Protein chains: 4
Amino acid sequence: MSDIRKIAVLTSGGDAPGMNSAVRAVVVSAINSGIEIVGVMRGYEGLIDWETQPLGLADVRNINNQGGTILFTSRSERFLQKKYREQAAKNLRDHDVDALVAIGGDGTLRGAIAFQNEGINTICIPGTIDRDVACSEYTLGFDTAANTAMEAIDRIRDSSVSHGRCSVVEVMGRKRGYIALWAGMATSADAIIIPEKWDGDYDSIIDTIKAKHADGRNSYLVVVAEGVTDAPELAQMILDKTGIESRVSVLGYIQRGGQPTAKDRMYGSLMGAYAVDVLKKDKANRMIAIKNDILIDYDIKEAIDIQNNQIDSFQYELSKLLAE
Amino acid sequence: MSDIRKIAVLTSGGDAPGMNSAVRAVVVSAINSGIEIVGVMRGYEGLIDWETQPLGLADVRNINNQGGTILFTSRSERFLQKKYREQAAKNLRDHDVDALVAIGGDGTLRGAIAFQNEGINTICIPGTIDRDVACSEYTLGFDTAANTAMEAIDRIRDSSVSHGRCSVVEVMGRKRGYIALWAGMATSADAIIIPEKWDGDYDSIIDTIKAKHADGRNSYLVVVAEGVTDAPELAQMILDKTGIESRVSVLGYIQRGGQPTAKDRMYGSLMGAYAVDVLKKDKANRMIAIKNDILIDYDIKEAIDIQNNQIDSFQYELSKLLAE
Amino acid sequence: MSDIRKIAVLTSGGDAPGMNSAVRAVVVSAINSGIEIVGVMRGYEGLIDWETQPLGLADVRNINNQGGTILFTSRSERFLQKKYREQAAKNLRDHDVDALVAIGGDGTLRGAIAFQNEGINTICIPGTIDRDVACSEYTLGFDTAANTAMEAIDRIRDSSVSHGRCSVVEVMGRKRGYIALWAGMATSADAIIIPEKWDGDYDSIIDTIKAKHADGRNSYLVVVAEGVTDAPELAQMILDKTGIESRVSVLGYIQRGGQPTAKDRMYGSLMGAYAVDVLKKDKANRMIAIKNDILIDYDIKEAIDIQNNQIDSFQYELSKLLAE
Amino acid sequence: MSDIRKIAVLTSGGDAPGMNSAVRAVVVSAINSGIEIVGVMRGYEGLIDWETQPLGLADVRNINNQGGTILFTSRSERFLQKKYREQAAKNLRDHDVDALVAIGGDGTLRGAIAFQNEGINTICIPGTIDRDVACSEYTLGFDTAANTAMEAIDRIRDSSVSHGRCSVVEVMGRKRGYIALWAGMATSADAIIIPEKWDGDYDSIIDTIKAKHADGRNSYLVVVAEGVTDAPELAQMILDKTGIESRVSVLGYIQRGGQPTAKDRMYGSLMGAYAVDVLKKDKANRMIAIKNDILIDYDIKEAIDIQNNQIDSFQYELSKLLAE
């Protein structure tokens, strides 16, 4: 029998669709196990300022289909300082909270590791659209973001085909190219530029477009992960070297929001319930992750060095093969 | 009984959802009236180069739900010159085409007026997402674009609310503010900046945001039509004067594409069939338009001066009233 | 200067997307005019039982994108009896409510007319997906429902085309065929059966399908408004007389829900604000309606006999013409 | 170096979103490997009648986002008879086809096993929305179908909540409950009935609803896989025993169609390319499958007995836990 009597839950870092399903599963699982639960607002910020609200079943009813996070979120600068982490830990102790569930990305995990030194047991759930938490094959929000980016590119291509243009589309994923890879393959992109594989070989992209142009193709699509290269420069280069009108679209924040897909709702539910299971087994300081599509948990300090989530080489090679 | 034996159809200018329904209706109506029909590729460009294909029922089957235009489109610089219009007119005469149906915006209408001098009977159908053909209350593509912009802003706001930010979203509509007005009202924008009404009064926007902030609101939305003001500058100004983090999103080309809404499919069908009806009545050089939600037709030279499509003042005042 | 100090608002009958925008506009307009506002739950039922809540700006924030109605709804049997209407009127008087805004369909309008005899000033807003309030060209929810039905039929047709089948799809609209007409035209239906025009001529539908089959078509689509004919019987008849496998789909309740379209959010906002304007002008017992796409208001007793919303003959004839 | 010079590809059984991506990947991979490729229409039927077309890159351009299958499909009764399989095998040999790629469900796999006796090398790709090919954790179309069902139920629930009703929604999945399980969990269903777990215990469902009703809940959702129980009878039972109005929705064919999700496009691409890789390695009669989210291949005769795709017990238990 677990000694856990009361837990807190928060969402931190960039918001991601599916966070609400995870929050709901934590709340329902906790309550069904007789554990009291408190929601912390705006991530670690709300922990420092003790901005909280008790959570009951009615508070999480029908939130599965809501984008964003009902607990709000932030990137806390203060939590990087020990004095604020001490304040946050004191707040939790003063309110008899036995453990914290933190849903977010790498920054959230690092925060949890630092927090372990203040004696707070934290369970992390990977939630970030970029799928860039290295230890987990999946992170909440990726599936929704990939579909949103794909649908946006489908739209852009309607116009691109009608006008006989080249579209250069920048998507999110500064550190991991999965959004670009999935959205690009799903929309038959002629080239996909991702941080893991980009070698600066613009010439091969230009040559691909020229070859297709010679074959009679009249519209083209290049998908670029943000931060890897400069999309407007690339478009200009394509125009200069091929004579084909090229236009840039930056998808931006639309990729963060929206009603979550079935996968993000399901995996959010699974991860949230699993986190409570871990606590009930008196495990402490664990990172929930997906490996081989199975739920597992790691020690949070070890998790930071695990690399399950490298870009899939077969998928990447295939993206080049299918860029016919 | 009409003397029309063969007609041509083209799409010109920016592509707009619903153009395909109009093309389909023109083709089916013509064929059912015993009129032969030829499709001209890439707008007036294809007319000059006689890039065409005969159109039958099978060519337009199930195209209602396709974005873009199956006939492709362009903004033809050459058609601005008389010698190319003469070439285009000669092509049509050489192929025994009695009349042309041209689907597009203001530029398309101006082309048709110039073309009248070459002796070619042209019927215009208003198609442009911006709803900026002054003589018609409705132009094909607006409804789809307004919904696309709205759904994108819904997504952006999920993230904006989660982080407690101000979002400044730039939508299309350089000359007419209807996309901004509809998408902004539909998403409860705190301020909407449109070309018809913008007086440069940034202070009132800042004051609105400050007042709401004082009331406890923590996220804000400003929708801006492109070209009216500089979105990044506005976001910086909001940050500087209110201290609220402000982020810019430029929706861009996603607003042009996508599967058309029911309205764009229906009005495309109505306008296409009406254009053939007009031809069958031996009317020449007419602009199809919507007035009081009813199909009418104008002489194309007179149409250019008709102003049915001013921004609706009740709608605009309401947008300010509802920006609670 | 109006004498209105406090008003109540309710939604009644079948729920319709856009009702929330109308509620929001009533609330914001009232508050901005210094009028107190109370929300009545579950339509006329909540009026009888005085199930209410005060409404402030925060209660209607960001509800534009929510389907259904935040005030809940019902079809009240009790309100058909005078004693319950007296009770409801007494409740309103006891709480110093000067006027009622009721959003709904024909039943709601009839309730308001009866309520006028109890001395209660009621303003009606037409809200029903079927677009079957005769005095108004538009009723809230139709645009969303038409798009939902269209998208569902687009999906059904993917499967129908892949298998070479005939799909018979039943949509809502027992008294008015607009959902069937719009969704059917938008999806290139081969036949559309609506209550206003159906003459029982099954043979012409069979003949149409046979003729297309002879021409090499291999999939077919028939859209039927509910209650006009028996969809399974029709499918069986098509199979028996043409040998083509025919399958029935009944779209059902998906047509009522979902995030409202831009039009339903905009027209909900317009009608809600207009209703408060009418009250501020000390007009009583008015029905808000759309005529020639313009907002107008009728006396509620006269409204019941006005027929703006007949099925559009051009649209219907066109649907037959385009069923190529 | 492989001896494969020419292959055929077909889709068979129920159509599933993602089949087109698989076809495209087969075509592009084959052509890029110097292998000629022919498309067979309407599944095994087209093999018997040699209804085919050569496939080039242009034929599969931009088909990733199309629902259904461009090769059409069927459930072939004739292929169950040896004489027709002999005819089909003869056709393939007469046209120098070295191998067949067949995309479909269990029936397709059984057809391929029988076809092995005619000396035809067949590679199978699992494609069916029901995810009911036992040897593979994933089958093309499931993700799209689960999302379509989920979105439809989201809509139904808007209306259900507004009226205070119980909705009983029947989804596809006669043999495997995954669509019901995912769509039900994603929409916070109060009960989910699936073939693997249903024990006929209606009382527990009634008791759950009664308990929630006593707690103040006013709307309920039960998701049922088709064929497991009678949805109208269940709805009547709920009404009879709880007094709560209950309505049935049968989602039907909308679950088959629609633009594929990112996952179905990606996994279709992966499986199609992998099938050609298998052929290039001179492997014969293989079933492509997913195990632990990794692509593998089985001998088709052994595949029929492998059970990777049992219903996930953690997911099912969780669905009961979260039905708060």
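Think of segment B:146-256 as having a plus end and a minus end, set by charges on the Cβ of Lys, Arg, Asp and Glu; of B:ILE153, B:ALA211, B:VAL222, B:ILE153 sits farthest toward the positive end of this dipole.
Taking the Cα centre of the protein assembly as shown as origin and assigning +1 to Lys and Arg Cβ atoms and -1 to Asp and Glu Cβ atoms, the resulting dipole is close to 0 debye. The two copies A and B are related by a rotation, and the chain A beta carbon nearest its axis, with distance in whole angstrom, is A:VAL250, 3.
Label-to-label distances for D:GLU77 across copies, nearest first, come out at 4.9, 6.5, 7.5 nm, using points 7 Å from Cα in the beta-carbon direction. Considering only B:ILE37, B:ILE304, B:VAL101, and ranking their Cα positions along the charge dipole of chain B that arises from unit charges at the beta-carbon of Lys, Arg, Asp and Glu, the one farthest toward the positive end is B:ILE37.
The slack between D:ASP299 and D:ASP230, meaning 0.36 nm per residue of separation minus the straight C-alpha distance, is 21.0 nm.
Can you compute the FRET efficiency between A:SER204 and A:PHE314 using 1/(1 + (r/R0)^6), with r the Cβ-Cβ distance and R0 = 25 Å? Round to the nearest 0.05.
Numbers: r = 20 Å, r/R0 = 0.80.
Efficiency, from the Cβ-Cβ distance: 0.80.
Segment A:194-273 and segment B:15-44 have their alpha-carbon centroids 33 Å apart. By other beta-carbon atoms within 10 Å, ranking B:PHE115, B:PHE142 with the fewest at the front produces B:PHE115, B:PHE142. As a calculated quantity, the FRET efficiency between A:ASP282 and A:ARG110 at R0 = 25 Å, using C-beta atoms, amounts to about 0.55.
With the convex hull of its Cα atoms as the shape, segment C:144-256 has an orientation-averaged projected area of 6.1 nm². Its DSSP H runs of at least 4 residues, each contributing -39,500 (n - 2.57), put the calculated 222 nm mean residue ellipticity of chain A at -12500 deg cm²/dmol, to the nearest 500. Using a simple spin-label model with pseudo-atoms 7 Å out from Cα toward Cβ, C:ASP240 and D:LEU57 lie 5.4 nm apart. Shielding of peptide A:62-69 by partners, expressed as the average count of other chain Cβ atoms within 10 Å per residue Cβ, is 6. When the convex hull of its Cα atoms is viewed from all sides, the protein assembly as shown shows a mean projected area of 48.4 nm².
With +1 on each Lys and Arg Cβ and -1 on each Asp and Glu Cβ, how big is the dipole of segment C:144-256 about its Cα centre, in debye rounded to the nearest 20?
Dipole size: approximately 280 debye.
Pairs from the table (A:LYS82/A:LYS280; A:LYS263/A:LYS291; B:LYS212/C:LYS6; B:LYS6/B:LYS263) lying more than 26 angstrom apart at Cα are A:LYS82/A:LYS280; B:LYS6/B:LYS263.
With its label point put 7 Å out from Cα toward Cβ, B:ASP312 sits 1.5, 4.7, 4.8 nm from the same residue's point in the other copies, in order from shortest. As a proxy for reagent exposure, ranking B:GLU45, A:GLU317 by other Cβ atoms within 10 Å from fewest up yields A:GLU317, B:GLU45. Computing FRET efficiency as 1/(1 + (r/R0)^6) for A:ASP215 and D:HIS95, where r is the C-beta to C-beta distance and R0 is 22 Å, gives about 0.25.
Comment: the Cα-to-Cβ extended label point of D:HIS95, at 7 Å, lies 3.5, 6.9, 7.3 nm from its counterparts in the other copies, nearest first. Taking other C-beta atoms within 10 Å as the exposure proxy, D:ILE4, B:ILE129 rank D:ILE4, B:ILE129 from fewest upward. A simple charge model with +1 on the Cβ of Lys and Arg, -1 on the Cβ of Asp and Glu and nothing else charged puts the dipole of chain C at about 640 debye relative to its Cα centre.
In chain C, Cα pairs under 8 Å separated by at least six residues give a relative contact order of 25 percent.
Would you mind counting up the charge near D:GLY184? Only other residues with Cβ under 13 Å from its Cβ, with Lys and Arg at +1 and Asp and Glu at -1. So the surrounding residues net to +1. Within a straight-line Cα-Cα reach of under 17 Å, B:LYS197 can be paired with the following aspartates and glutamates, leaving aside sequence neighbours fewer than 8 residues apart in one chain: B:ASP130, B:ASP132, B:GLU170, B:GLU226, B:ASP230, B:ASP312, B:GLU317.
Taken over the alpha carbons of chain D as equal point scatterers, the Debye sum produces base-10 log I(q)/I(0) values at 0.07, 0.13 Å⁻¹ of -0.32, -0.88.
Every number in this text was worked out from the coordinates using simple rules, so none of it is lab data. Being a predicted model, the structure only gives us computed values, none of them experimental. Here Cβ is always computed from backbone atoms with ideal geometry, including for glycine, and neighbour counts include all displayed protein chains.
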